[in-house]
């Protein structure tokens with residue numbers, strides 16, 4: 001199925017938050033415990049100012065995912081590092097979309113002086129850990145048992161890709 005990227009903007013508020021809320025309610029991929037209101041979208045837009053952020057759309061215009069880079073830390077000494085976040089509707093995973101996002105963000109990140117991308121992944125999200133390993137990310141550390149969701153403790157794996 002052909003798909004394309006479009007800049008993340010207010011037009012996509014509802015589908016983006018709906019996708020994010022799916023993962024909040026059904027997985028350890030998104031860290032919040034409770035569904036988020038559509039107002040949370042404003043925080044996403046603010047967090048990505050000056051960084052690449054996109055929605056993924058089918059050829060028919062359906063939003064099937066979103067992705068963004070944001071600063072790792074506000075101190076300028078870390079301006080070369082960005083953190084990646086992306087969510088794709090479950091029925092569209094495993095089709096190369098995540099890899100396409102990484103390829104796109106690698107080029108766009110370099111244009112703004114970013115040369116290292118971080119992913120912070122729940123230890124209970126084995127698919128994401130495997131995906132990032134397959135796509136050139138290295139394990140850079142673990143924050144042990146820092147999260148609790150659905151009455152389960154989890155660690156956060158930090159994974160890094162130098163671009």
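Every number here is computed from the coordinates shown, using simple stated rules; none is lab data. Note that this is a predicted model, so its numbers are computed, not measured.
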Which of rounded, prolate, oblate describes region 85-163, given a ≥ b ≥ c as roots of the alpha-carbon gyration tensor eigenvalues and a/c under 1.5 marking rounded, otherwise prolate only if a/b is larger than b/c?
oblate
Taking the alpha-carbon centroid of each part, what is the distance from region 14-73 to region 105-163 in angstrom?
16 Å
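Taking 25 °C and 0.890 mPa s as the conditions, I'd like the Stokes-Einstein D for region 26-71 in µm²/s, using the Kirkwood hydrodynamic radius from alpha carbon pairs. Numbers along the way, then the final one.
On the way: Rh = 12.4 Å.
D = 199 µm²/s.
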